[in-house]
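These notes are about the structure you will find just below.
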Amino acid sequence: MIDFHCHLDLYPDPAKEVRDAEAARVYVLSVTTTPRAWVRTAQLAKGHKRIRTALGLHPQLAHERHSELGLFEELLPRSRYVGEIGLDGGAGYREHSALQRKVFDTILHLSDRGGGRIMSIHSRQAVDEILERLAHVPGAGIPILHWFSGTASQLRRAIDLGCWFSVGPAMLRSAKGKSLASAMPRNRVLTETDGPFASGPNGPLHPVDAGLAARQLAAIWGMSSKEAESQLINNLRSLSETGPDHIRAKSPVGLKVLG
Ligand code: MN
């Protein structure tokens, strides 16, 4: 199982999430919302070979935390994964679009200068702007659009640009989400929960719930859950093997798959 976008540090008991994920052998990309949160969140993953911690600055916090960009730059050499980053054009955030853009652009340029990163990107009501910016800085790395909610034509442009996608149960509940997922290239899809923000029938989702999205994808792809899981694991492997040079899996220990 793969949960390629969750917020381990925001659960009431993060250590329990880590233990449960380890026991269930879930590959986890633990994203952060501020650079300041990264150090202690990365500590949670220590010694857990299937968990990686992405350095982020969430677009909904950009106006409050843009002063942490210096810290972001300082920490970036320590992480091959960046996220959660992006833009949010929704109500309540649109008015901060100038600062959001400044933060996002700065992060893309820093990642480019650092040789590229695997990036988990929030694009709610801002897909056109995201794609335009990614196109300007192709060396920033591999963009993974998390919980994509744009139009079919925006999806086609994202695919043409080389984007990957992480999809979760919340997205796959709606007819629109299902139809978008069915149009994504199968070899560029990963699963996520976006817990604890996203919820399932029994409350906030946990990394151990990552199999839910895999089962939903299996139905969309017309295959068994086992086949879908193996497609997803192959995708994760290819992501770590085809990434920019220095984000490729090199480590002799631990993460053969995650890189
Ligand atoms: Mn998130």
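Structure values in brief
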{"quantity": "Test set (1) in a strand (DSSP E or B); (2) surrounded by fewer than 20 Cβ atoms within 10 Å (Cβ to Cβ) - SER120 fails condition number", "calculated": "(2)"}
{"quantity": "The stretch 79-107 - residue that is in contact (Cβ under 8 Å) with a residue 40 or more places away in the chain and β-branched (Val, Ile, Thr) and, of those, nearest to the ligand (Cβ to nearest atom)", "calculated": "VAL82"}
{"quantity": "When residues of the stretch 1-60 are limited to those that are β-branched (Val, Ile, Thr) and under 21 Å from VAL189 (Cβ atoms), the one nearest to the ligand (Cβ to nearest atom)", "calculated": "VAL31"}
{"quantity": "Search result, residues across the stretch 136-154 that are farther than 19 Å from TYR81 by Cα, more than 16 Å from the ligand (Cβ to nearest atom), surrounded by 15 or more Cβ atoms within 10 Å (Cβ to Cβ) and of a type in the set (Gly, Ala, Ser)", "calculated": "GLY150"}
{"quantity": "Test for GLN125: is it surrounded by fewer than 19 Cβ atoms within 10 Å (Cβ to Cβ) and in a loop (DSSP other than H, G, I, E, B)", "calculated": "yes"}
{"quantity": "Residue pairs meeting the criteria (Cβ under 9 Å; at least 6 apart or on separate chains; first within 18 Å of LEU212 (Cβ to Cβ), in the stretch 18-33; second aromatic (Phe, Trp, Tyr) and away from the ligand (no atom under 13 Å from the Cβ))", "calculated": "ALA21/TYR27; LEU29/TYR81"}
{"quantity": "Qualifying position, being under 29 Å from GLU22 (Cβ atoms), surrounded by fewer than 23 Cβ atoms within 10 Å (Cβ to Cβ) and away from the ligand (no atom under 16 Å from the Cβ), among ARG133, ARG157, ARG173", "calculated": "ARG173"}
{"quantity": "Some residue of the stretch 179-198 being assigned to a helix (DSSP H, G or I), touching a residue at least 40 places away in the same chain (Cβ under 8 Å), in contact with a strand residue (DSSP E or B) (Cβ under 6 Å, 6 or more places away or on another chain) and more than 16 Å from the ligand (Cβ to nearest atom)", "calculated": "yes"}
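Since every read-out is calculated from the coordinates, none of them should be taken as a lab result. All values derive from a computational prediction rather than experimental measurement. Neighbour counts run over all protein chains shown; Cβ positions are idealised from the backbone, glycine included.
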